[in-house]
Each structure stands twice: as C-alpha cells, then as structure tokens.
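Asker: One structure follows; several queries about it will come next.
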Amino acid sequence: MKVLKFGGTSVGKPERMHSVAKLISSPDKKLVVLSAVSGTTNSLVDISSKLLKNDVEAGKQAIENLFAPYRDFVKQLYSTKEGQAKGNAIIDKHYEFVKSHAGKPFTEKEERVLLAEGELISTQLFQEYLIEAGYKSVLLPALEFMKIDEDNEPVLSFIEEKLTAEIKKYPDAHLYITQGYICRNPKGEVDNLKRGGSDYTASLVGAGIRAEEIQIWTDIDGMHNNDPRIVKRTFPIAELTFDEAAELAYFGAKILHPATILPAKKYGIPVRLLNTMQPEAKGTLIATKTTSKEVKAIAAKDNITAIKIKSSRMLLAYGFLRRIFEVFEKYKTPIDVITTSEVAVSVTIDDAKNLDPIVKELKDFCIVDVDKDLSIICIVGDFLAEKKGIAKKVFSSLGHIPIRMISYGGSAHNISLLVNTIHKNEALNALNEGLFGEEFEKVLATKA
Ligand code: ADP
Ligand code: ASP
Ligand code: MG
C-alpha cells in the first residue's frame with residue numbers, strides 16, 4: 001500500500017479537491033492523508049489566541065470569517081443537491097462546535113481541540129465528494145490511532161497496532177482517507193504534531209503499515225536546492241538520501257515537517273515529493289542511496305538563540321561539557337549547533353521557552369552570554385565526494401557577511417553557519433550563486 005499526503009494548497013480549493021480525487025483514482029491500495037484547507041489552521045490559531053485572551057467578540061468575528069467562505073467552497077465542490085446538503089451539514093456542525101467555545105472558559109486544552117477542526121472538516125468534505133463522484137473509500141479517524149507520549153513524541157508501536165486494526169475492519173477497501181496533523185496525548189486529549197504536522201502523520205502511518213512508498217503532494221515540484229521564497233534561481237533536486245533530507249527539513253526547508261524523514265528512514269520506505277499542480281513533474285525521491293554526489297541544497301532556520309558559555313577556571317576539563325548538557329537535558333531543550341574553543345563553548349537552541357532558568361543554572365558555574373535573532377544556514381550534500389573544497393566556496397561566497405558560528409565535520413553531509421537573521425536572505429542568495437552558479441549556467445545552456 002502507498003501513503004499519499006496532500007497539503008493545504010492541494011486541497012485548498014474545490015477544483016483542487018477534484019484534481020486530488022483524480023490523482024488517487026487508480027485501483028491500487030492507498031492511504032490518503034489530508035491537511036486542512038489552506039488558511040484554516042492559521043485562522044484557528046488566530047481564533048484561539050483571541051479566546052485565550054478572552055476577547056470574545058473578536059473571536060466570534062474571526063469564527064464568522066473562517067466559516068463564511070466554506071459555504072462557497074461547498075457550492076463549488078459538489079454538483080448534486082444531496083452533495084451540497086451533506087457538505088453544508090458538515091460545515092454547520094463544525095461551525096456550531098467552534099462557536100460554542102466563544103464565551104466559555106478557554107485554555108490551551110480547548111485550543112488544541114479547535115486546532116484539530118481543520119483536518120476534520122477537510123477530510124469529511126473530501127470523503128463526501130468521493131461518494132458523490134462514485135469512488136469507494138473509507139474515512140479512518142486519526143484520533144483513534146495517532147498518539148504522542150509525555151515528551152510529545154509519537155508512539156509508533158501504538159500507531160502501528162491501532163491503524164492496522166482499523167484497516168482490517170475494511171478488508172475489501174482500496175482507498176482509505178485520514179486526517180494529518182491531529183493525534184491524542186497520553187491524557188487522551190486532542191493534540192497535534194505541531195504546525196506542518198501532516199507530513200509527519202504521512203511518514204508515521206507509512207512506517208506503521210510498512211508502506212511501499214510515502215508521497216508528499218504539495219504546491220511545488222519537489223525539494224529545491226534553496227528556499228524558493230527567498231532565492232529566485234532555484235531548481236528541484238531529483239534525489240536525496242534520508243540523512244540529507246532530514247537535515248534540510250530539520251534546518252528549515254518548509255516543504256517537510258522537521259521530523260518527517262525519521263519514521264520513513266527507520267523502515268527504508270522511499271519518500272517522494274510531488275506537485276499536485278504539476279503531477280507529471282519528477283519531483284524528489286528520498287531514499288537510502290542516491291546516484292549524484294555533490295552539494296545538494298541550502299536551508300535556513302530562524303528564531304535561533306546562541307548561548308556562549310565561558311569558564312575561566314575549568315577550561316574544557318572533562319566533566320565540563322557534561323554539566324552544561326545536563327542543564328539543557330533538565331529543561332528538555334535540544335541543542336542544534338555546537339562549537340568549542342579552549343575557553344568557551346557556544347551552543348544554539350531554537351526552543352527558548354526555558355532560556356531564563358537555563359541561563360540561571362549555567363551562571364552557577366560559568367559566564368554566560370546570550371544572542372538572539374539568529375538564523376542557522378545549513379548546507380547539505382555529500383562532502384566526502386566533493387573534491388573541490390566546499391569550505392573555500394562557502395567562505396568566498398559569504399566574504400562580506402559576518403558569521404557568528406561555523407560547524408563542519410559533525411557529519412559528512414552538513415555544514416552549519418550561524419548568522420544574524422538580518423543577513424539571512426543575503427547569505428542564502430550569495431551561497432546560491434557561489435555553490436550553484438555553474439549549475440544554473442548548465443541548465444540555462446540546455447534550455448537555450
Ligand atoms: P503544504 O501545505 O503542501 O504542506 P507547505 O507550504 O508546508 O505545503 O510546503 C511547501 C512550500 O515550502 C513551498 O511552496 C515553498 O514555498 C516552501 N519551501 C521552503 N523551502 C523549500 C525548498 N527547499 N524546496 C521546496 N519548497 C520549499
Ligand atoms: N493544517 C496543519 C498546519 O497548517 C498541518 C499541515 O498542514 O501539515 O500546520
Ligand atoms: Mg506543510
């Protein structure tokens with residue numbers, strides 16, 4: 001069985017849902033994971049933040065603004081009266097449910113319940129459309145099998161067991177539909193896999209059923225060599241290894257949720273990134289091995305905090321790093337990049353929720369400096385195969401941009417640089433020309 005995930009823009013308009021239905025119409029077995037209609041989760045975040053602040057009137061207005069366009073959506077999605085009546089009934093039910101939260105006590109628990117609404121709505125609307133269009137399918141409730149633990153980590157064994165049991169209930173079915181992003185936490189409450197989490201759902205369910213392939217269908221023709229929102233001349237990468245793709249996703253390539261690759265890698269399941277708007281494009285294949293071996297891509301992650309930890313007495317005596325890491329462990333704060341010198345260690349974190357207590361504890365045994373508003377730029381490829389001196393190319397491209405930290409050699413496929421966020425766009429563009437300029441000339445020459 002294959003798993004196919006369609007993101008927010010892929011289901012963002014009625015005609016897109018029609019295209020998705022066509023894309024999944026072949027008779028082979030499929031599990032289809034859907035995101036919320038684009039913009040819906042953002043609206044639900046906005047509604048929740050208003051209700052959390054007890055700004056009930058603004059919350060109610062935001063609820064109206066979210067649901068009004070769904071009426072037109074329903075009109076265009078279905079061509080029959082019955083279809084439209086069913087679509088409207090789905091919207092009515094969810095509208096009433098969301099509205100019932102305005103004016104009642106509202107905490108983060110209720111917020112998580114509201115955030116799940118987007119995927120619940122999109123999957124039901126789509127399922128009704130499939131019925132109208134004559135496709136047979138089964139809607140599997142993700143809240144029955146998607147589960148996270150106390151550390152917000154998915155429980156793969158649970159997912160595997162419950163999802164397999166759900167699928168077994170419908171032995172003759174060929175098409176299963178489910179919600180991305182949403183899950184339950186150990187208290188049994190509705191929760192989620194964080195923004196962009198539908199990719200992660202696809203990979204987790206793919207691992208759970210040992211799918212033959214996981215396809216992530218989105219609005220671009222695969223992973224590009226650089227962030228297309230910031231850099232003009234980018235191109236899709238045909239192949240990436242699991243490790244390369246995992247680095248790019250973790251270090252900010254928005255096309256994939258940061259943790260997407262891990263479950264697929266665990267069982268060696270290939271991940272294909274494909275474009276719903278251009279289904280014939282080759283996209284990107286992510287697998288254990290690739291054929292091409294050079295610098296593959298650049299990604300950047302914002303909101304990074306750097307912490308410089310200096311010790312005049314202990315220098316880098318053994319035990320010193322352990323003490324530092326214990327503080328981060330205690331506050332469940334992962335470190336992304338680390339560099340050391342004789343007298344200091346610099347680390348970066350992107351989750352600064354516990355920055356104050358971390359700094360306080362570190363100050364018990366060292367001098368601490370904190371820098372905010374930084375970005376990690378991550379250059380990914382197979383650097384063992386790169387003979388021409390990748391470091392030289394990187395540094396000459398960035399000649400004019402101040403670099404706060406450099407990490408090279410941690411693995412054979414990653415160079416990480418830390419820059420001030422105000423320099424990020426310039427750095428991404430400069431690296432693009434420096435590392436891929438020749439490639440562009442080749443591409444342009446073949447097109448000419
Ligand atoms: P979906 O709603 O389908 O999950 P996302 O918006 O989450 O789609 O991800 C796709 C977007 O990721 C693209 O439209 C593109 O702007 C952005 N993106 C950022 N970095 C990259 C990259 N390196 N390659 C491709 N897309 C990228
Ligand atoms: N709907 C969720 C979000 O917007 C999950 C996803 O689209 O992947 O973050
Ligand atoms: Mg996404």
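The values are calculated or read from the model by the stated rules, or taken from the named source; none is laboratory data. Since this is a predicted model, take the numbers as computed values, not measurements. Here Cβ is always computed from backbone atoms with ideal geometry, including for glycine, and neighbour counts include all displayed protein chains. Note: accessible area is taken over every heavy atom of the protein model, side chains too, but ligands, DNA and RNA are not part of it. Shrake-Rupley method; radii C 1.70, N 1.55, O 1.52, S 1.80 Å.
Asker: Give me the pairs, please: first residue somewhere in the stretch 34-56 and closer than 23 Å to L204 by Cβ, second residue anywhere and more than 16 Å from ligand 1 (Cβ to nearest atom), beta-carbon distance under 7 Å, and either six or more positions apart or on two chains.
Answerer: Listed by first residue and then by second, the contacts come to L34/I177; T40/L66; L44/L114; L44/E117.
Asker: Still on this structure, I have one more. Kindly evaluate E433 against the criterion of being out of contact with any Gly (no Cβ under 9 Å at 6 or more places or on another chain) and either among the aliphatic types (A, V, I, L, M) or modelled with pLDDT of 90 or more (or both).
Answerer: For E433, the condition - out of contact with any Gly (no Cβ under 9 Å at 6 or more places or on another chain) and either among the aliphatic types (A, V, I, L, M) or modelled with pLDDT of 90 or more (or both) - is met.
Asker: Same structure, new question: Is there a residue being within 16 Å of ligand 3 (Cβ to nearest atom), of a type in the set (S, T, N, Q) and under 17 Å from S157 (Cα atoms) anywhere in the stretch 172-189?
Answerer: No - not one qualifying residue is present in the stretch 172-189.
Asker: Something else: For the stretch 391-424, name all the residues that are hydroxyl-bearing (S, T, Y), part of a helix (DSSP H, G or I) and within 23 Å of the chain's Cα centre (by Cα).
Answerer: Residue satisfying the conditions is T421 alone.
Asker: Further question: Of the numbered conditions (1) acidic (D, E); (2) over 27 Å from the mean Cα position of the chain (by Cα); (3) under 28 Å from H224 (Cα atoms), D373 satisfies every one except a single condition; which is it?
Answerer: Of (1) acidic (D, E); (2) over 27 Å from the mean Cα position of the chain (by Cα); (3) under 28 Å from H224 (Cα atoms), only one is false for D373: (2).
Asker: Within the stretch 106-139, which residues are open to solvent by less than 30 Å² (accessible area, probe 1.4 Å), free of Cβ contacts under 8 Å to residues at least 60 places away in the same chain and aliphatic (A, V, I, L, M)?
Answerer: Scanning the stretch 106-139 gives a single hit, V138.
Asker: Any chance the stretch 400-408 includes a residue that's closer than 20 Å to I237 by Cα and open to solvent by less than 20 Å² (accessible area, probe 1.4 Å)?
Answerer: Within the stretch 400-408 (the criterion being closer than 20 Å to I237 by Cα and open to solvent by less than 20 Å² (accessible area, probe 1.4 Å)), the answer is no, since none of the residues qualifies.
Asker: Output the residues belonging to the stretch 242-251 that are surrounded by fewer than 22 Cβ atoms within 10 Å (Cβ to Cβ) and modelled with pLDDT under 95. Working first, answer last.
Answerer: Pass one, the stretch 242-251, residues surrounded by fewer than 22 Cβ atoms within 10 Å (Cβ to Cβ): 242-243.
Passing the criteria: only D243.
Asker: Name the single residue, out of those in the stretch 218-240 being within 16 Å of ligand 3 (Cβ to nearest atom) and farther than 22 Å from K289 by Cα, that is surrounded by the most Cβ atoms within 10 Å (Cβ to Cβ).
Answerer: Taking the candidates together, the pick is T218.
Asker: Then there's this: Out of all the residues in the stretch 309-360, which are of a type outside the set (A, V, I, L, M), crowded, with 18+ Cβ neighbours inside 10 Å and assigned to a strand (DSSP E or B)?
Answerer: Across the stretch 309-360, the qualifying residues are T339, S346, T348.
Asker: Take the residues in the stretch 112-143 that are under 22 Å from the mean Cα position of the chain (by Cα) and not hydrophobic (A, V, I, L, M, F, W, C); name whichever of them is farthest from A68 (Cα to Cα).
Answerer: The selected residue is P141.
Asker: Given the criterion aliphatic (A, V, I, L, M), over 22 Å from M17 (Cα atoms) and outside any strand (DSSP E or B), identify the matching residue among L248, L285, L256, L240.
Answerer: From the options L248, L285, L256, L240, the qualifying one is L248.
Asker: Looking at F73, F97 in this structure, which one is in a helix (DSSP H, G or I), open to solvent by 10 Å² or more (accessible area, probe 1.4 Å) and touching a residue at least 24 places away in the same chain (Cβ under 8 Å)?
Answerer: Answer to the selection: F73.
Asker: Also: Taking the residues in the stretch 76-90 that are assigned to a helix (DSSP H, G or I) and touching a residue at least 12 places away in the same chain (Cβ under 8 Å) as candidates, determine which candidate is farthest from the chain's Cα centre (by Cα).
Answerer: From the stretch 76-90, those assigned to a helix (DSSP H, G or I) are 76-77, 81-90; that's our starting set.
Pick out the ones that are also touching a residue at least 12 places away in the same chain (Cβ under 8 Å) and you get 76-77, 82-83, 86-88, 90.
Numbers: Q76: 30, L77: 28, E82: 36, G83: 33, K86: 32, G87: 29, N88: 31, I90: 28 Å.
For the stretch 76-90, the residue satisfying everything is E82.
Asker: Continuing with this model, one more query. With S38, S10, S79 as the choices, which residue is touching a helix residue (DSSP H, G or I) at 6+ places or on another chain (Cβ under 9 Å), in the same structural domain as A211 (by TED's automatic domain parsing) and under 23 Å from D191 (Cβ atoms)? Show your work before the answer.
Answerer: Working: S10 fails: under 23 Å from D191 (Cβ atoms); S79 fails: under 23 Å from D191 (Cβ atoms).
Of S38, S10, S79, the one residue that is touching a helix residue (DSSP H, G or I) at 6+ places or on another chain (Cβ under 9 Å), in the same structural domain as A211 (by TED's automatic domain parsing) and under 23 Å from D191 (Cβ atoms) is S38.
Asker: Can you go through G268, G283 and tell me which one is open to solvent by 20 Å² or more (accessible area, probe 1.4 Å) and over 14 Å from the mean Cα position of the chain (by Cα)?
Answerer: G268 is the lone residue from the list that is open to solvent by 20 Å² or more (accessible area, probe 1.4 Å) and over 14 Å from the mean Cα position of the chain (by Cα).
Asker: Sticking with this structure for a sec: Given (1) more than 11 Å from ligand 1 (Cβ to nearest atom); (2) surrounded by fewer than 24 Cβ atoms within 10 Å (Cβ to Cβ), where does G12 come up short, assuming only one miss?
Answerer: Unmet condition: (1).
Asker: Do we have any residue at all in the stretch 25-41 that's within 10 Å of ligand 2 (Cβ to nearest atom), in a loop (DSSP other than H, G, I, E, B) and open to solvent by 50 Å² or more (accessible area, probe 1.4 Å)?
Answerer: yes
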